[in-house]
Amino acid sequence: MEQNNWIQVMAGQMQTAALMDTNQYTKTYGLVLTQEEAKWLVSERAQALQEQKRVELTQSVLPKLIYEFCDSSYITQDAYAETIARLQEIFFQYKNEMLDEITDAELLHFMKEQFEGICGGDLEYLEGTCLNLFAQAVRAGYSSYQRTDGYHAYQTLDEVTRWDRDLYLEALSDLFG
């Protein structure tokens, strides 16, 4: 039993160190994790993996998530660790929802593109709408996202009619014309 605890402690320390190493890159975007936040994210990772009944056999997805999202215009220093933790939960949930048919990179690219675009930084919309539709499509056999590594996959699935600038101006003209 002691040996298992020792192994877990060492693994946690290595994961925390890997997260602290991301600060060298993310500080250019004004985002830096403290040692406590990095430890907390590692514990949140373990909890998320347990909740989703997943095991990571390779390197943790956390550094990949950080590198993918650190340049987001919607992530600020005061909510950085919490946002990364929530993105991690969403990531593991949708890896399961998509039956592991999608690679980590494809899912991360899809998540980031929607988060920055259609979601406007809204994690609930990302999870409940964009990823839900995408997961349904993937489970039904949709695979076009593979050609683009997860980029530009949502436009063909989006069920919501969006207003563009010209349509907006036309509607204003009709109202106040």
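Before moving on, here are some points about what is shown:
- Of all residues making up region 90-144, the number that are charged (D, E, K, R) and either farther than 13 Å from Ser72 by Cβ or over 14 Å from the mean Cα position of the chain (by Cα) (or both): 9
- Qualifying residue in region 78-88 (condition: open to solvent by 30 Å² or more (accessible area, probe 1.4 Å), within 28 Å of Gln59 (Cα to Cα) and in contact (Cβ under 8 Å) with a residue 40 or more places away in the chain): no
- Scanning region 110-141 for residues that are open to solvent by 50 Å² or more (accessible area, probe 1.4 Å), in a loop (DSSP other than H, G, I, E, B) and not acidic (Asp, Glu) yields Ile118, Ala140, Gly141.
- Single residue of Ser72, Ser60 found to be more than 14 Å from Gln88 (Cα to Cα), of a type in the set (S, T, N, Q) and surrounded by 14 or more Cβ atoms within 10 Å (Cβ to Cβ): Ser72
- Count of residues meeting criterion [of a type in the set (A, V, I, L, M, F, W, C) and surrounded by fewer than 14 Cβ atoms within 10 Å (Cβ to Cβ)] in region 47-57: 2
- Residue match in region 50-71 (condition: modelled with pLDDT of 95 or more, farther than 23 Å from Ala105 by Cβ and of a type outside the set (Phe, Trp, Tyr)): no
- Scanning region 24-59 for residues that are part of a loop (DSSP other than H, G, I, E, B), among the aliphatic types (A, V, I, L, M) and in contact (Cβ under 8 Å) with a residue 40 or more places away in the chain turns up Leu31, Val32, Leu33.
- Between Asp166, Asp122, Asp100, the distinction of being charged (D, E, K, R) and modelled with pLDDT of 90 or more belongs to Asp122 only.
The values are calculated or read from the model by the stated rules, or taken from the named source; none is laboratory data. Please read all numbers here as calculations on a predicted model, not as lab measurements. Neighbour counts run over all protein chains shown; Cβ positions are idealised from the backbone, glycine included. For accessibility, only protein heavy atoms count, side chains too; no ligands or nucleic acids. Shrake-Rupley method; radii C 1.70, N 1.55, O 1.52, S 1.80 Å.
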